[in-house]
Amino acid sequence: MIRWRAWFPALLAAGLCACPAGRLAAQQSNTPAPSAQPAAYVGSAACRDCHPKEFESYSRYSKKAHSSQSVKTMASKLTPEELRGCFACHTTGYGQPGGFESFEKTPELANAGCEVCHGPGRAHVDSGGDPGQIKATLAMAECERCHNAERVRSFNFKPMLFAGAH
């Protein structure tokens, strides 16, 4: 006989329960804990050892994994302001402390990597993979920062909800 009382809290915490309390518990547990150190980016390669399947899928199938190529191709035709607009969505952490600065200074952050969606990963990596130190549950509003109606019209692309992730 399964002991539901023993397993139920674990199911709630993992977000595997369909009830609203389970979603609420999962959302609360997936919000990174505040840290004394400022958030810092580590680049997607830092995710590879602990998340090999996700990293392989991202690297092989995601356009995000190669997003800097389109920026590099167009850079000579863009104004500095337009280029900054590209960096905001096609790189990791642009404009944020410890985020992408340039292809020369921060090449490990040149593409739209894991941390674009999951947030800066330094605390997660330094903690040995503490799930409380990284964003695991994402909201559509976070995707719409880049995948919004204005960009769809401007670039004539159709964003896909689950495309290119893992």
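Each value in this text was obtained by applying a stated rule to the coordinates, not by laboratory testing. Model, not experiment: these values are computed from the prediction. Neighbour counts run over all protein chains shown; Cβ positions are idealised from the backbone, glycine included.
3J(HN,Hα) along the range 74-88: 8, 3, 5, 9, 10, 6, x, 5, 5, 5, 4, x, 5, 4, 4 Hz, from the Karplus curve 6.51 cos²θ - 1.76 cosθ + 1.60 with θ = phi - 60°, whole Hz, x for Gly and Pro.
Taking amide hydrogens as modeled 1.01 Å from N in the peptide plane, which residues meet the under 5 Å criterion relative to Gly113, leaving out close sequence neighbours? The answer is Thr92.
Taking amide hydrogens as placed 1.01 Å from N in the peptide plane, the amide H of Gly43 sits under 5 Å from those of Gly121, each at least 5 positions away in sequence or on another chain.
Applied to the range 65-71, the Karplus parametrisation 6.51 cos²θ - 1.76 cosθ + 1.60 on θ = phi - 60° returns per-residue 3J(HN,Hα) values of 5, 10, 5, 5, 4, 5, 5 Hz, with x for Gly and Pro. Excluding same-chain neighbours fewer than eight residues apart, the aspartates and glutamates reachable from Lys72 by a Cα-Cα span under 19 Å are Glu81, Glu82, Glu101, Glu104, Glu108.
For the range 83-139, trypsin sites (Lys or Arg not before Pro) are listed when DSSP marks them as loop and at most 13 other Cβ atoms sit within 10 Å of their Cβ; the list is Lys105.
Multiplying the residue separation of Glu56 and Glu101 by 0.36 nm and subtracting their alpha-carbon distance yields 13.6 nm.
At full extension, Ala45 and Arg151 could sit 35.3 nm farther apart than now, given 0.36 nm per residue minus the alpha carbon distance.
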